[in-house]
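So that we are looking at the same thing, I have put the structure below in structure tokens.
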Amino acid sequence: MALRKGLSLWFGFFSFALILFWGTSVQGQGSPNYREALAKSILFFQGQRSGRLPRGQEITWRSNSGISDGFLAHVDLSGGYYDAGDNVKFNFPMAFTTTMLSWGTLEYGKKMGSELGNARAAIRWATDYLLKCATATPGKLYVGVGDPNVDHKCWERPEDMDTVRSVYSVSPSNPGSDVAGETAAALAAASMVFRKVDPKYSRLLLRTAQNVMEFAMQYRGAYSDSLGSAVCPFYCSYSGYKVDYILGVNPLKMSYMVGFGANYPKRIHHRGSSVPSLAAHPQSFGCDGGFQPFFYTANPNPNLLTGAIVGGPNQNDGYSDDRTDYSHSEPATYINAAIVGPLASLAGSNTI
């Protein structure tokens, strides 16, 4: 889970002001292949999918997982994204991810070319889940599935999860106007993405966004106060870097996007990527069965999580490529969501 103390060194860069600034950059000779990076930054989200996977799944080492999520609350909360390298679904960063993806698509969709459909699919995978969370139980908004304090003691692929899939929600008696507001923003932004291509779905998103926003306004309070240790230790600190730096124009000449360029992180802090797939090893490893053979090994991860952007280098531009160092080696959906827009702008503005 990358949303915790001292993580995500890239994150401050991805405010919208800097997105617009870098969107005006000019590609020089020897610059990275932005169109390839754009495609891989979107493909990454397939590796984070929870639920029953579609036929068109391109990251084939992933399989169905979390299909009974919500069972403990007698609702269907399957789908959505695991936000980072763990097997927990946190709706706050997922909603932020959706908002950023949506705005990037709205701003630069015409420059995405064939990736526009993939960007919409990535957004819809999140919004289908967020709609379930917002409508499953009247007067309640579900905001997460999986106990991070338990999950982080395990190193197993999501397909093998054997921990209790705790369900978290906010309500009038346990408010969470912050997470509700971000959820409303995500649904509203996504409604604009689908306005022309799927008007019926767009109207559903907007109507649900309005209802969730009314809930947020009426019942004020921080969801970290309501849910305590289930969410409040897991937040980020921020600083920012250029797109080109991330893609390899840096002192180490290392791309911090997995699968991009010749030199990129091979040992990312990610359970699904580091544990052999079901196809390669059908037997379950169990909660702690993956630590010794796969977490602590110096071997590269067997499954390539293409497009994943890791936490990044230290303050001296050093990077150890060590999966035990989660603050530098763990990817997250909200990192990738924020780079899609700048990459689309750069890819669309230049001939590659």
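The values are calculated or read from the model by the stated rules, or taken from the named source; none is laboratory data. Owing to the predicted nature of the structure, the values given are computational and were not obtained by experimental measurement. When we count neighbours, we look across all protein chains shown, and the Cβ atoms used for this are built from the backbone with ideal geometry, even at glycine.
Of the residues Gly70, Gly79, which single one is within 18 Å of the chain's Cα centre (by Cα) and either crowded, with 24+ Cβ neighbours inside 10 Å or within 28 Å of Pro138 (Cα to Cα) (or both)? Explain how you work it out, then say what you get.
Numbers: Gly70 fails: within 18 Å of the chain's Cα centre (by Cα).
The unique qualifying residue is Gly79.
I'd like to know if the stretch 132-145 contains one or more residues that are free of Cβ contacts under 8 Å to residues at least 24 places away in the same chain and either in contact with a Pro (Cβ under 6 Å, 6 or more places away or on another chain) or not hydroxyl-bearing (Ser, Thr, Tyr) (or both).
From the stretch 132-145, those free of Cβ contacts under 8 Å to residues at least 24 places away in the same chain are 138; that's our starting set.
Applying the additional criterion that residues be either in contact with a Pro (Cβ under 6 Å, 6 or more places away or on another chain) or not hydroxyl-bearing (Ser, Thr, Tyr) (or both) yields 138.
Yes, the stretch 132-145 has at least one match.
Could you check the stretch 130-145 and list, in sequence order, the residues that are surrounded by fewer than 24 Cβ atoms within 10 Å (Cβ to Cβ) and either in a strand (DSSP E or B) or β-branched (Val, Ile, Thr) (or both)?
Thr135, Thr137, listed by residue number.
Please specify each residue of the stretch 192-218 satisfying the condition of being touching a helix residue (DSSP H, G or I) at 6+ places or on another chain (Cβ under 8 Å) and under 16 Å from Cys133 (Cβ atoms).
Those that are touching a helix residue (DSSP H, G or I) at 6+ places or on another chain (Cβ under 8 Å) and under 16 Å from Cys133 (Cβ atoms): Leu204, Leu205, Thr208, Ala209, Gln210, Asn211, Val212, Met213, Phe215, Ala216.
Only one residue in Met94, Met100 is hydrophobic (A, V, I, L, M, F, W, C), in contact with a strand residue (DSSP E or B) (Cβ under 7 Å, 6 or more places away or on another chain), within 18 Å of Leu187 (Cβ to Cβ) and at pLDDT 95 or above, so which one is that? Break it down stepwise before answering.
Details: Met100 fails: in contact with a strand residue (DSSP E or B) (Cβ under 7 Å, 6 or more places away or on another chain).
Result of the check over Met94, Met100: Met94.
Taking the stretch 223-279, which residues are under 24 Å from Ser50 (Cα atoms), of a type in the set (Gly, Ala, Ser) and modelled with pLDDT of 65 or more?
Ser224, Gly259, Gly272, Ser273, Ser274, Ser277, Ala279
Please verify whether the stretch 21-32 includes one or more residues that are modelled with pLDDT under 50, surrounded by fewer than 22 Cβ atoms within 10 Å (Cβ to Cβ), under 19 Å from Gly248 (Cα atoms) and among the hydroxyl-bearing types (Ser, Thr, Tyr). Full working, then the answer.
Initial filter on the stretch 21-32 (modelled with pLDDT under 50): 21-29.
Narrowing the set further to residues that are surrounded by fewer than 22 Cβ atoms within 10 Å (Cβ to Cβ) leaves 21-29.
Right, trim to under 19 Å from Gly248 (Cα atoms) and you get 22-23, 25-29.
Now narrow it down to the ones that are among the hydroxyl-bearing types (Ser, Thr, Tyr): 25.
Yes: the stretch 21-32 contains one or more residues that are modelled with pLDDT under 50, surrounded by fewer than 22 Cβ atoms within 10 Å (Cβ to Cβ), under 19 Å from Gly248 (Cα atoms) and among the hydroxyl-bearing types (Ser, Thr, Tyr).
Which residues, counting only those in the stretch 285-312, are within 21 Å of Arg49 (Cα to Cα), modelled with pLDDT under 95 and out of contact with any Lys or Arg (no Cβ under 9 Å at 6 or more places or on another chain)?
Selection gives Gly286, Gly311.
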